[in-house]
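> Just passing along the structure, written as structure tokens.
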Amino acid sequence: PAPLFPRLQNDSWGKQYSHALFKAMSHMLCIGYGQQAPEGMTDVWLTMLSMIVGATCYAMFIGHATALIQSLDSSRRQYQEKYKQVEQYMSFHKLPGDTRQRIHEYYEHRYQGKMFDEENILGELSEPLKEEIINFNCRNLVANMPLFANADPNFVTAMLTKLRFEVFQPGDFIIREGTVGKKMYFIQHGGVGALGCPVPSPAAVIWGGCWEGDGRLRHPDAQTSLPAEICLLTRGRRTASVRADTYCRLYSLSVDNFNEVLEEYPMMRRAFETVAMDRLDRIGEERSRGPAQPPLHLLPGAAA
């Protein structure tokens, strides 16, 4: 019979093979079929087989390429999947538009487009590595907090492992006046105000009032000041409300966790109680000379 492609008959074997490979791949990928129709049943079945094999290989290639691209930024993919669930939740409950916008902004500031299971990651590491990472992440807090200034390094590390990360939006009340204090907040970034009393320090503690860089918890309506450590050792109610002025990234420490750490370090508990008693005595003297204030009673070995 006459050759199928007479113009290639006298070409080199490389050109002939390349052209044949191109035609075969065109058939397999189903993008060039029809230029040369199969002749006979054998050609028909071979052509269909090549098309099926080619389509399968093409699908496998696309699948592997997609998986590779997704694995390059798995944390962003997890965030997108999580936020899709949040969107479906908001649609199911028919939340108002302003609430949806606040939720969207919260997720953007809280996770910043990436989601990690930090608790699981740290839980799989050895204790030395875990402590090293926590100390590095909270190094600015330790450097600026009077609470940690002269404390035992092991005590500080134990305290840092109990911290929990939180984010508050502008206008959110972090603490409310009259409620029982059950948490202590360490400001990593952002600004807060307590009844018009701003907190200028980016690394600060707020508990029932406004924590300033001099290590005192200042109340806007009082002429005296209360150290935040005392609030960890009393059952008094919060005497002021604290509201976020900007987006605030905080670390919180619950009283239960604080007492749990103090159980392991009784010397630190006694040191805190001694300092707290001295300061309460000074506060009592100042209040006796100023406007009447509700009394605070230290409860040894307990915290609100």
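> Could you put 130, 23 in order of accessible surface area, largest first, with the 1.4 Å probe and the full protein assembly present? Write out the running numbers ahead of the final one.
Working: 130 55, 23 30 Å².
Output order, biggest surface exposure first: 130, 23.
> Right, here's the next one. At 0.36 nm per residue, minus the direct Cα-Cα distance, what do residue 41 and residue 264 gain on full extension? Give it in nm, one decimal, please.
On the way: separation 223, 0.36 × 223 = 80.28 nm, distance 8.46 nm.
Gain on extension, residue 41 to residue 264, equals 71.8 nm.
> Evaluate E = 1/(1 + (r/R0)^6) for residue 117 and residue 172, where r is the Cβ-Cβ distance and R0 equals 35 Å; express this FRET efficiency to the nearest 0.05.
On the way: r = 25 Å, r/R0 = 0.72.
Using R0 = 35 Å, I get an efficiency of 0.90.
> Can you pull the percent of Cα pairs in region 121-170 with separation above 17 Å? Mind showing how you got there, number by number?
Details: 465 of 1225 pairs.
Cα-Cα pairs of region 121-170 separated by over 17 Å account for 38 percent.
> What is the spin-label model distance, in nm, from residue 86 to residue 285 if the labels are put 7 Å beyond Cα along the C-beta direction?
Each label point lies 7 Å from its Cα, and together they span 5.2 nm.
> Students sometimes get this wrong: rank 243, 110 by accessible area, probe 1.4 Å, all chains present, largest first. Don't skip to the end; give the middle numbers.
Details: 243 115, 110 60 Å².
Descending accessible area places them as 243, 110.
> For residue 239, enumerate residues with amide H under 5 Å from its amide H, sequence gap 5+ or separate chain, H modeled in the peptide plane.
178
> A further question follows. For a quick check of understanding: with a 1.4 angstrom probe and all protein chains in place, what accessible area in square angstrom does residue 152 have, to the nearest ten?
Residue 152 exposes around 60 Å² with every protein chain in place.
> Mind ordering 261-273, 245-257 by average Cβ neighbours within 10 Å, highest first? Working shown, then result.
On the way: 261-273: 15.6, 245-257: 17.8.
Highest-to-lowest ranking by the protection proxy: 245-257, 261-273.
> Just the accessible area for residue 25, please: 1.4 Å probe, Å², rounded to the nearest 10?
Probe radius 1.4 Å; accessible area of residue 25 about 100 Å².
> Residue 162: which lysines have alpha carbons under 19 Å from its alpha carbon, excluding same-chain residues fewer than 8 sequence positions away?
Partners within reach: 130, 182, 183.
The values are calculated or read from the model by the stated rules, or taken from the named source; none is laboratory data. Computed from a predicted structure; not experimentally measured. Glycine gets a Cβ as well: all are built from the backbone with ideal geometry, and neighbour counts include every protein chain shown. For the accessible areas, the whole protein counts, side chains as well, though only heavy atoms, and no ligand, DNA or RNA atoms are used. Shrake-Rupley method; radii C 1.70, N 1.55, O 1.52, S 1.80 Å.
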